[in-house]
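A quick write-up on the structure given underneath.
The values are calculated or read from the model by the stated rules, or taken from the named source; none is laboratory data. All values derive from a computational prediction rather than experimental measurement. Using ideal geometry, Cβ is built from the backbone for each residue, glycine included, and neighbour counts are taken over all protein chains shown. For the accessible areas, the whole protein counts, side chains as well, though only heavy atoms, and no ligand, DNA or RNA atoms are used. Shrake-Rupley method; radii C 1.70, N 1.55, O 1.52, S 1.80 Å.
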Amino acid sequence: MRIFLIAVFTISLANSAWAQDKIDRLHAETMASFKPDSVNWQAEPILPKGAQSAVLVGDPNKAGIFIAWLKFPPNYPIPPHIHPYTEVITVLHGKLGNGMGERFDVNQREILKTGSSFVLPAGHSHYVWTTDEETIVELIATGPWGITYTNPADDPRNRK
């Protein structure tokens, strides 16, 4: 009987721990493959004109983890800004300039080549740009995704 009670107690604790699991889990209904020439690229309205995005998994507008690709034209800048949640960016094609701070300065930067990644903490001011070629990056983040530009005049949503 004592072993039975210990087992019931242990299972109760485990169930209680699982019930308190608040981790956002990545979720997909079906297996899918993605190729840059066949995903559904859409204009990305929260970034300056010319950026496109393709959501691969999840929904950037809802709470939860999502994965998206972002495609930028050559010589494309994204002015200084912050995001509400941590992001992981991986360069899939091309090169991406990455600078930190509230002032766009290509001299205070690094150039990330294909295969390079960086992690950006929530609320950390940064800016990015492309060089002389189209660039595609993978974005892994938690939604709802957002961006706040350091200078509100840089926000394309403020331009009508």
Requested in this report: Just give me the residues in region 97-116 being open to solvent by 100 Å² or more (accessible area, probe 1.4 Å) and of a type in the set (Asp, Glu), in sequence order.
Outcome: 102
Report task. Working only within region 23-72, note down all residues that are within 15 Å of residue 93 (Cβ to Cβ) and basic (Lys, Arg). Result -> 35, 71
**Report entry** residue 50, sole failed condition from (1) at pLDDT below 95; (2) part of a loop (DSSP other than H, G, I, E, B)
**Finding:** (1)
Report task. Mind listing just one residue for me: the one in region 127-147 that is of a type in the set (S, T, N, Q) and open to solvent by 10 Å² or more (accessible area, probe 1.4 Å) and, of those, nearest to residue 107 (Cα to Cα)? Result -> 131
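If you take the residues of region 148-160 that are open to solvent by 30 Å² or more (accessible area, probe 1.4 Å) and of a type in the set (D, E, K, R), which of them is nearest to residue 46 (Cα to Cα)?
So the residue we want is 157.
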Requested in this report: Scan region 106-154 residue by residue and report those that are in a loop (DSSP other than H, G, I, E, B), in contact (Cβ under 8 Å) with a residue 60 or more places away in the chain and over 15 Å from residue 94 (Cβ atoms).
Outcome: 144, 145, 146, 147, 150, 151
Query raised in the report: Between a first residue in region 55-72 that is free of Cβ contacts under 8 Å to residues at least 24 places away in the same chain and a second residue that is open to solvent by less than 30 Å² (accessible area, probe 1.4 Å) and part of a strand (DSSP E or B), which pairs have beta carbons less than 6 Å apart while being 6 or more apart in sequence or on different chains?
Result: 55/68
Query - Among the residues listed as 60, 74, 84, the single one being within 21 Å of residue 157 (Cβ to Cβ), open to solvent by 30 Å² or more (accessible area, probe 1.4 Å) and assigned to a loop (DSSP other than H, G, I, E, B) - result: 84
Requested in this report: Filter region 70-122 for residues that are farther than 19 Å from residue 146 by Cβ, under 15 Å from the mean Cα position of the chain (by Cα) and of a type in the set (Val, Ile, Thr) and give the result.
Outcome: 90, 91
Query raised in the report: Could we say that residue 118 is farther than 27 Å from residue 34 by Cβ and either of a type in the set (A, V, I, L, M, F, W, C) or touching a Pro at 6+ places or on another chain (Cβ under 7 Å) (or both) here?
Result: no
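With among the charged types (D, E, K, R), closer than 16 Å to residue 48 by Cα and not in a strand (DSSP E or B) as the only criterion, which of 103, 157 stands out?
157
Do the conditions hold for residue 43, that is, is it over 13 Å from the mean Cα position of the chain (by Cα) and free of Cβ contacts under 8 Å to residues at least 12 places away in the same chain?
Working: over 13 Å from the mean Cα position of the chain (by Cα): yes; free of Cβ contacts under 8 Å to residues at least 12 places away in the same chain: yes.
Criteria met by residue 43.
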